[in-house]
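Here is the structure we will look at.
The values are calculated or read from the model by the stated rules, or taken from the named source; none is laboratory data. Here the structure is a predicted model, which means the values were calculated and not measured. Backbone-built Cβ (ideal geometry, glycine too); neighbour counts: all protein chains shown.
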Amino acid sequence: MRTICFLLSCLLILVSCNGGETKQQQRQKEIEKISNEINENPVLLKEETANKILNLYNSYIKDYPQDTICEYYLFQMHNVYTAMRQCDSALYCLDRIITEYPKGKNVGAAYFFKGIVLNDVCHNREKSIEAFEEYIRRYPDNPHVYDAKRMIQMDTMKNPLELIQPQTPTEDAK
């Protein structure tokens with residue numbers, strides 16, 4: 001009987017040594033640790049590390065869909081997929097933010113980055129322009145509207161050097 005009590009006491013001590021963290025909090029910490037490693041050296045992102053963090057994000061979102069951090073995890077997933085040049089997966093994450101978290105903190109950024117992904121990763125200028133126009137329409141007072149307009153301007157230029165060439169004054173300005 002003493003042995004059983006001793007073993008139960010040891011088990012109780014081990015369980016309480018995790019700081020009272022829930023499984024959910026432990027998973028968040030694991031995700032945070034790997035995310036920090038990736039953020040410190042994004043150029044050195046290896047496929048194995050990318051797949052590991054993507055699996056952790058996906059698993060967490062699946063297990064805790066109501067947790068508000070899921071929106072942030074989807075945004076981070078988009079960043080990883082973008083770095084891996086996976087157009088459809090990056091867009092899927094951004095679209096999920098837009099549809100599942102329409103009032104979330106990252107929804108405006110999702111619209112903006114959708115234009116960037118479409119242009120830089122998917123190489124679809126037409127859809128990129130549409131995405132930036134949608135962003136401008138929905139968030140006209142956002143400080144990144146200027147950036148979106150410049151991206152549209154760059155997408156519609158035949159010669160990107162036009163952007164840095166000095167402008168000649170128009171008749172109105174004279």
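The figures follow:
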{"read-out": "Complete set of residues in region 4-27 that are surrounded by 11 or more Cβ atoms within 10 Å (Cβ to Cβ) and at pLDDT 75 or above", "value": "GLU21, GLN24, GLN25, GLN26, ARG27"}
{"read-out": "Some residue of region 44-51 being surrounded by 13 or more Cβ atoms within 10 Å (Cβ to Cβ) and assigned to a helix (DSSP H, G or I)", "value": "yes"}
{"read-out": "Some residue of region 108-125 being among the aliphatic types (A, V, I, L, M) and surrounded by fewer than 17 Cβ atoms within 10 Å (Cβ to Cβ)", "value": "no"}
{"read-out": "Pairs with Cβ under 9 Å, 6+ apart, first in region 124-136 and closer than 12 Å to ALA110 by Cα, second among the β-branched types (Val, Ile, Thr)", "value": "ALA131/ILE116; ALA131/VAL117; PHE132/ILE116; PHE132/ILE152; TYR135/VAL145"}
{"read-out": "Residue count for region 28-58, restricted to those that are in contact with a Ser or Thr (Cβ under 8 Å, 6 or more places away or on another chain) and at pLDDT 85 or above", "value": "1"}
{"read-out": "Test for LYS62: is it more than 24 Å from LYS29 (Cβ to Cβ), in a helix (DSSP H, G or I) and modelled with pLDDT of 90 or more", "value": "no"}
